[in-house]
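Asker: Before anything else, here's the structure in question.
The values are calculated or read from the model by the stated rules, or taken from the named source; none is laboratory data. For clarity, every value in this text was computed on a predicted model and none was experimentally measured. Here the Cβ is made from the backbone with ideal geometry for all residues, glycine too, and neighbour counts use every protein chain on show.
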Amino acid sequence: MHPVIAIEQLTKTYGSGHTALRDINLEIRKGEIFALLGPNGAGKTTLISIVCGIVNPGTGRVLVGGSDIVRDYRAARSKIGLVPQELFNEGFESVWATVRFSRGLFGKKPDDALLEQVLRDLSLWDKRDARINELSGGMKRRVMIAKALSHEPEVLFLDEPTAGVDVELRRDMWQMVRRLRERGVTIILTTHYIEEAEEMADRIGVIRRGEIILVEDKARLMKQLGKKQLTLQLQRPLDAIPAELATEPLQLADSGHQLIFTFDTQREHTGIAELLKRLAAHDIDYKDLQTSQSSLEEIFVDLVRTHT
């Protein structure tokens, strides 16, 4: 199956001399939720803006649904819905008029039934006659999503869609995104909320200083790079880890009341049984133990730090 988005050797250098993107190669599959993560200034918004036709590309090629974004701009752009990070909805038009107009901009025939369903899915139907400038920030963001969906795009870009919105709205958006994926829409998401990517994404891409440093299935990424920790609640606090155990991946926490052992889940032997024997030999007793696995946020921080 051909990717719905194919980016080949894309480089973007601005007139100031700043290179925002360096040799980007990326394929995004039809019907997946792809989360693009990276620190501020990494190039996330530049990459999205080029694919959506807002920023001129430098060198390289970008195809959307098989259409070149430069040579066949109209066909490529018609397949894309974009929800930008910034809120621009400050007009005096009603929600309904705004969404109908947005559909018309793409040359689509009127379809009030479809637009009604979009507004209902976004809990906007009761606000259809309200003027945009009367809405709350969260509702304005919903309107932006409705506009992006009005022309039935194959691909939906969500650039920091839940920045500054409340938890309830964030969960509503997660549910909406899943419904869109079920209908075959491809979702590309950038977010500062790592738990959002962990909750929703099928694949993760990490960009750093204009370069893609990793693309991987989320589950495989967390299995390969995620670490597990065994936390022992000690009967008696330790001032220091015994010298004989200094080579073990151990650290003290909670003023010496906790001993944390980090182990690799990919290894055949975790080393836990041997560690417990060695602790007993040193008269280190524990009253409780628990295991935990590193989150996507911890993996992301480690990746960015490694490539700094």
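Asker: In the range 211-283, which strands (runs of 3 or more DSSP E) lie fully inside it and hold 2 or more residues that are outside the structural domain of Thr45 (by TED's automatic domain parsing) and either modelled with pLDDT of 80 or more or surrounded by 13 or more Cβ atoms within 10 Å (Cβ to Cβ) (or both)?
Answerer: So the answer is 228-234, 250-253, 258-263.
Asker: Right, next: Residue under question is Glu195, and the condition is that it be charged (D, E, K, R), in contact (Cβ under 8 Å) with a residue 40 or more places away in the chain and on the phi > 0 side of the Ramachandran plot; does it hold?
Answerer: Against the criterion (charged (D, E, K, R), in contact (Cβ under 8 Å) with a residue 40 or more places away in the chain and on the phi > 0 side of the Ramachandran plot), Glu195 does not qualify.
Asker: Being within 28 Å of His2 (Cα to Cα) and of a type outside the set (Asp, Glu), is that true of even one residue in the range 132-141?
Answerer: No, that holds for no residue.
Asker: Suppose the filter is assigned by TED's automatic domain parsing to the domain that holds Arg179 and in a strand (DSSP E or B); does Leu47 pass it?
Answerer: Judged against the criteria, Leu47 is not a match.
Asker: Considering only the range 16-72, state which residues are modelled with pLDDT under 90, crowded, with 18+ Cβ neighbours inside 10 Å and over 19 Å from Leu158 (Cβ atoms).
Answerer: Residue satisfying the conditions is Pro57 alone.
Asker: Leu10: touching a Pro at 6+ places or on another chain (Cβ under 7 Å) and assigned to a strand (DSSP E or B), yes or no? Spell out the reasoning first.
Answerer: On the way: touching a Pro at 6+ places or on another chain (Cβ under 7 Å): yes; assigned to a strand (DSSP E or B): yes.
When the stated conditions are applied, Leu10 passes them.
Asker: Next up: I'd like the full set of residues that are among the aromatic types (Phe, Trp, Tyr) and touching a residue at least 24 places away in the same chain (Cβ under 8 Å), limited to the range 4-41.
Answerer: Keep residues of the range 4-41 that are among the aromatic types (Phe, Trp, Tyr), which gives 14, 34.
Hit for the range 4-41 is Phe34, nothing else.
Asker: Could you please find all residues in the range 165-204 being closer than 26 Å to Ala42 by Cβ and small (Gly, Ala, Ser)?
Answerer: Selection gives Ala197, Ala201.
Asker: Shifting gears a bit: Within the range 79-121, take every residue that is in a helix (DSSP H, G or I) and closer than 30 Å to Gly43 by Cβ and give me the one that is modelled with the highest pLDDT.
Answerer: Residue satisfying both the conditions and the ranking: Ser102.
Asker: Can you tell me how many residues in the range 11-52 are closer than 18 Å to Arg71 by Cα and over 21 Å from the mean Cα position of the chain (by Cα)?
Answerer: 2
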